Amino acid sequence: MTTSRAARPVGAVTRGTTNPNRLRRMDRWIVASHGGALRRAGSAVAVDLGYGAAPWTAVELLGRLRRVAPRVRVVGVEIEPERVAAAKVFEQEGLSFVHGGFELPVGEAPMLVRAANVLRQYDEREVVGVWERLCARLAPGGMVVEGTCDEVGRRHVWVALGAEGPRTVTFAARLGSLERPSDLAERLPKALIHRNVPGEAVHAFLRDFDRAWAAAAPYASYGVRQRWVRAVGDLAGDWPVVGGAGRWRQGEVTVEWGALAPRGWVGR
Ligand SMILES: C[S@@+](CC[C@H](N)C(=O)[O-])C[C@H]1O[C@@H](n2cnc3c(N)ncnc32)[C@H](O)[C@@H]1O
């Protein structure tokens, strides 16, 4: 006699903390950098991996992506079964919720996997394996965005990855909440949070950013945004900053992964 047993989802249940509108900065960047690819892909699937105790962030992701990619579908994937059951009442056209883990049981290859505040509770040594697993599931031209923010999304740092591996790191903040750019260190994603120490690139980057911020102090009289734009422009002289002042004005800066990768980085 054969018995069929559903495979166990890959990963571990972690705290379900979430909040409405928490991921707005990440979503804004996704729309700007990946919206065109999602639109061209037609009825593409976007995964909200580990949406938490309530599915607000998945509902919001659908709304935000649909403005630029009207046929996109969002699938919320959560490893804790009761959170999936609770989310079901929020299902609507283009939005569904499934029980699963890093194996991404979504039927077709996703164009986007957004994993916010999920890996933070895993061990640093697990990160590369999870990244590889998620990237291997992507549709051609797809993207993984993995990162961490505070409870209400004022401070956020994420890594963007393509099929080949990590590409960029983005720092984003409500600028008025920052005393200095290195305040963002507390929200570094798991791959970098333990690397904010002398001798590591991310530490040197935040040190240089603080210096540029201090040098840009006179611009504060024009507003904190002007000061940030000036500091990032300065920083771009020494670090491979991606994108222009249009993004910086949003309170963002994106840097090539290779410049911030941990020492001895052996990932792809
Ligand atoms: C802190 S909550 C984050 C909720 C939401 N993404 C946010 O940023 O507000 C993390 C959620 O990820 C889920 N999770 C952890 N590992 C997972 C995995 N391997 N697959 C799916 N969900 C996972 C946890 O069960 C938890 O509900």
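Here are some notes:
- Here the 3J(HN,Hα) profile of the range 170-175, calculated from phi with Karplus coefficients 6.51, -1.76 and 1.60 at θ = phi - 60°, is 10, 10, 9, 8, 6, 4 Hz, Gly and Pro shown as x.
- Taking the centroid of alpha carbons for each part, the range 201-218 and the range 1-71 are 33 Å apart.
- Peptides 147-159, 117-129, 223-235, ordered by how many other C-beta atoms sit within 10 Å of their residues on average, highest first, read 147-159, 223-235, 117-129.
- Each DSSP beta bridge with both residues in the chain is either parallel or antiparallel, and the antiparallel ones are about 55%.
- For the chain, Kirkwood radius (reciprocal of mean inverse C-alpha pair distance, Å): 19.0 Å
- Nearest 10 degrees, 0 to 90: helix 127-136 Cα axis against the chain principal axis: 60 degrees
- Karplus (6.51, -1.76, 1.60) ³J(HN,Hα), θ = phi - 60°, over the range 149-160, in Hz, Gly and Pro reported as x: 9, 7, 4, 10, x, 7, 10, 8, 9, 9, 10, 10
Throughout, read-outs are computed from the coordinates displayed, never taken from laboratory work. Fair warning: this is a prediction, and the values are worked out from it, not measured in the lab. For neighbour counting, all protein chains shown are included, and Cβ atoms are generated from backbone atoms with ideal geometry for every residue, glycine included.
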